[in-house]
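Each remark here refers to the structure printed beneath this line.
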Amino acid sequence: MANQRKQEKSPMERYTIRDLRRDFPNDEACLEWLRDRRWPDGIYCQNCHKVTAHPLVRSRKSYSCQVCGEHVHPTAGTIFHKSSTPLTLWFHAIYLMAQTRGGIAAKQVERELGVTYKTAWRICRLIRSRLDEDQDLFGGGGGRPVEVDETYVGGKMRGGKRGRGSENKTPVLGIVERKGKIKTAVIGDAKGNTLQPIIEETVEPGTTVYTDEFLAYNGLRRAGYDHKQIQHADKVYVLGDIHTQTVDGFWGNFKNSIRGVHHHVSPEYLQDYLNEHAFRYSHRNDVKPMFLSFLDQVGTEC
C-alpha cells in the first residue's frame, strides 16, 4: 500500500540507466536525437531550398545533403559544439544531474564518467547554463496564488549575523506559484526598487501574493496585487492560507544541496545552480521523465 500511495503521488514516468543505454548506445544515436530535435520535419537544405535526404557523415559528426553535399552539424550552436567529449558521456552526465533531487557534484560526475575533474566541471557548468526557462506570467490563467521571499546564500557569517544584513552573502529572490513553477534570481540588493520590478515582470497583476512583513514588499498592493503578509518577526509562520512555507521549503532544500553536495558556490555561478534547482522544481509533476525534460532544454541552441 505504501508503494502504491508513493506511485499515485508522483505521476512521473521512470527512466532508468537501462533506458539510457538502450536509447543512446553510441554517439550516432545521440547525434540522431539532436538532428530530430532541431529538424523534426526533415533537414531543410539552404542550397537546394527544400527538405532533402541527409545521410550521416560519421567522421565529422554531421549530415550531408544527398543532392548538393552541403553539411549540417546538429551540435552547432549547442553546448556540445566542438567538444572532444563523446556525446554518450554528455548524455550520461545530463542523466546523472536529472536523476538527483539535490544536484550532483562535479567530483562524482568525474568518477562516474571516467573523465578529468576539469572536464566534469565544465560539462556540469554548461548543462546548468541552459536550464534557465522562459516562463509565462505566474498566477495567470490558473489563478494560483504566489509566494515571494528573498534569502542570502554563501559567504561567512560575522558576529552570528544571519539573513538580512549579513555580510559576504549573495541576496537571491524566489517567486513560487503554489502547486506550480518557480523563478529565482540573483539580485544586487533587497531593496523595494530592486525586488518590485522583478515581481511585476513575473507575476500577473491581480494575483494574490504572499510575503513576510519585509518593508521592501509594501509597494505590491499599489502595483495591483492582492498582497497578504505573514508576521515572521512575531513568530507567526502560518495564518490560514497566509504563509511563505512553499518558497521557504525551496530555499531550505537549495541551501542543503549547496552545503551537502557542492560545499561552496561562487557568486559568479550561483544563478546557474539556482536555475538547475528551479528547473527540477518546476517540472517535478511532469509525466515526462526528468531526464527527457533536461535533454529537451539542454539540446536547444544557445
Quick one: plug the Kirkwood hydrodynamic radius of the chain (C-alpha pairs) into Stokes-Einstein at 20 °C, 1.002 mPa s, and report D in µm²/s. 99
Select from Cys68, Cys124, Cys45 the residue whose mean-square fluctuation is largest in a Gaussian network model of the chain (Cα-Cα springs shorter than 10 Å). Cys68
Label model pair Val57, Thr85: point-to-point distance (7 angstrom along the Cα→beta-carbon line) in nm is 2.6
Pull up the DSSP beta bridges for the chain and report the antiparallel fraction as a percent, rounded to 5. 70
At a probe size of 1.4 Å, how large is the accessible area of Lys181, to the nearest 10 Å²? 40
Keeping the other protein chains in place, figure out the carbon and sulfur percent of the accessible area of the stretch 151-302, with a 1.4 Å probe. 49
With θ set to phi - 60° and the Karplus curve 6.51 cos²θ - 1.76 cosθ + 1.60, what are the ³J(HN,Hα) couplings of the stretch 88-93 in order, to the nearest whole Hz, using x for Gly and Pro? 4, 6, 4, 5, 5, 5
Would you grab the residues whose amide H sits under 5 Å from the one on Asp226? Only those 5+ places off in sequence or on another chain, please, with H modelled 1.01 Å from N. Gly206, Thr207, Thr208, Val209
On a 1.4 Å probe surface of the protein chains, which of Leu195, Leu215 comes out largest in accessible area, and what is the full order? Leu215, Leu195
Work out the P(r) tail for the stretch 22-124: percent of alpha carbon pairs separated by more than 22 Å, whole number. 39
Would you mind pulling out the separation of the Cα centroids of the stretch 219-263 and the stretch 75-110, in Å? 32
Whole-Hz couplings from phi, Karplus 6.51/-1.76/1.60, listed for the stretch 44-59; x for Gly and Pro: 8, 7, 5, 7, 7, 6, 6, 6, 10, 5, 10, x, 6, 9, 4, 6
Under 5 Å between amide H atoms, partner at least 5 residues away or on a different chain: which partners does Arg144 have, H built in plane at 1.01 Å? Gly139
Quick one: which of Lys228/Lys255; Lys169/Lys228; Lys179/Lys288; Lys107/Lys288; Lys82/Lys118 span more than 23 angstrom between C-alpha atoms? Lys228/Lys255; Lys169/Lys228; Lys107/Lys288
What are the ³J(HN,Hα) couplings of the stretch 184-189, residue after residue, when phi is run through the Karplus curve with 6.51, -1.76, 1.60 and θ = phi - 60°? Round to Hz, x for glycine and proline. 10, 8, 6, 10, x, 7
Which one, Cys48, Cys30, Cys65, has the greatest fluctuation when you compute a Gaussian network model over the chain with C-alpha springs under 10 angstrom? Cys48
Accessible area (Å², per residue) of the chain, counting only protein heavy atoms and a probe of 1.4 Å: 54
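The values are calculated or read from the model by the stated rules, or taken from the named source; none is laboratory data. Predicted model only: the values in this text are computed from it and were never measured. Cβ sites come from the backbone with ideal geometry, for glycine too, and all protein chains shown count toward neighbours. What goes into the accessible areas is simple: the full protein's heavy atoms, side chains included, and nothing from ligands, DNA or RNA. Shrake-Rupley method; radii C 1.70, N 1.55, O 1.52, S 1.80 Å.
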